[in-house]
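Just so it is clear, none of the values below were taken in a lab; they were calculated from the coordinates. These numbers were taken from a predicted model, which means no experiment stands behind them. Here the Cβ positions follow ideal geometry from the backbone for every residue, glycine too, while neighbour counts run over all protein chains shown.
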């Protein structure tokens, strides 16, 4: 039975598609309305369970009937949706999956998996879902530090092209095809060659800069870490379609060893791959909730530290957090 009306602004985006798929698969008790992030009118996206999946135009009439408003489109569409909600004096709860509204004075960073039981926020806040990389790392380090005090950690994060949406995936695909056929590379998204390459920074004309994303992860980690030492983070763009990968180095006051760390991490949210199993990969984690860790080994040259490799589906981490927030509110 559908007890609530929820709307997804950016229902045609990769993130929006993941959200609507999870709402359907988990039988979330709501009527889901898809709202476009662009200026086009209503259109049919696909057929699902024999019914057309229709996306409608963003306007005040549609938003007026929504109890929960998920923002999964562009920064422009998110701000337009906020303006319409304010103008209509709507009581719709805003859950921002993109971080576009985190500069609003009433925005609150949310990652329910890291929040204490009974955690509550004021009724009129904008729920900004924490960056997925920050959520993953905060889970790992908070769980370890609770049992084995950490001195410091260094993390190399490898960003997937899907974080830049369909445009990022398409540009990576076209760059690969262009390189193999000796054609000029498209560079509208990354302003640099990503195919067969690793990027420490995008080109100067890229619409989003990698260092800005890195700073956002740092901010969110500082908020989510609580009493856990915040790691030093470096973000690189990897030539992969989906899934975050993390190379983690952690120094302890007293290194408990790889077995103890593995036992500490193993939980409902974190799967640990032992030495007898294949190491986790970003491809293997696509479509899965939670985090997968492996290759937990003592640093050969510095016995007080361990190395670890972890992966997570970037969209699933974000969507799971957003749905947890919606369940709390409804």
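From Cα coordinates alone, what are the radius of gyration and Dmax values for the range 202-305 in angstrom?
Using the Cα atoms of the range 202-305, the pair Rg, Dmax is 15.9, 47 Å.
Considering Cα pairs under 8 angstrom that are at least six residues apart, work out the relative contact order of the chain and quote it in whole percent. Before the final figure, lay out each step's value.
Details: 657 pairs, mean separation 52.6, N = 330.
After rounding, I find 16 percent.
Given an 8 Å cut-off on Cα distances and at least 6 residues of separation, report the relative contact order of the range 106-234 as a percent.
On the way: 130 pairs, mean separation 39.2, N = 129.
The normalised contact order for the range 106-234 reaches 30 percent.
How far is helix 314-329 tilted off the main Cα axis of the chain, in degrees rounded to 10, range 0 to 90?
Roughly 60 degrees between the two axes.
Hey, what D do you get for the chain in µm²/s if you plug the Kirkwood alpha-carbon radius into Stokes-Einstein at 20 °C and 1.002 mPa s?
Values: Rh = 21.0 Å.
Roughly 102 µm²/s, to the nearest whole number.
So how tilted is helix 210-224 from the main axis of the chain? Cα-based, degrees 0 to 90, rounded to 10.
Between helix and principal axis, roughly 80 degrees.
Sorting 187, 33 on the 10 Å Cβ count, fewest up front, what's the list? Numbers along the way, then the final one.
Details: 187 17, 33 20.
The order, fewest Cβ neighbours first, is 187, 33.
Of 194, 151, how do they rank once you tally other Cβ atoms within 10 Å and put the fewest first?
In increasing order of surrounding Cβ atoms, one gets 151, 194.
Compute the long axis of helix 132-147 from its Cα atoms, compare it with the longest principal axis of the Cα atoms of the chain, and write down the angle in degrees, 0 to 90, nearest 10.
The angle comes out at about 40 degrees.
Which value results for Rg/Rh of the range 105-231 when Rg is the Cα radius of gyration and Rh the Kirkwood radius based on the inverse mean 1/r? Can you show the working numbers first?
Values: Rg = 18.4 Å, Rh = 17.0 Å.
Answer for the range 105-231: 1.08.
Starting from 0 in steps of 5 Å, tell me what percent of the Cα-Cα pairs of the range 134-314 lands in each bin.
1, 8, 16, 19, 17, 14, 10, 7, 4, 2, 0
Per the helix-only calculation at 222 nm, which mean residue ellipticity applies to the chain, given -39500 (n - 2.57) for every DSSP H run of n ≥ 4 and division by its residues, nearest 500 deg cm²/dmol? Show your work: numbers first, answer last.
Working: 9 runs with 106 residues, N = 330.
Computed mean residue ellipticity for the chain: -10000 deg cm²/dmol.
Taking the alpha-carbon set of the range 262-311, what are its Rg and Dmax in Å?
11.6, 36
In the chain, what % of DSSP beta bridges are antiparallel (nearest 5)?
Numbers: 27 of 58 bridges.
Percentage antiparallel, nearest 5: 45.
Once you've got the GNM for the chain with C-alpha springs shorter than 10 Å, pick whichever of 132, 280, 207 has the biggest mean-square fluctuation.
Answer for the Gaussian network model of the chain: 207.
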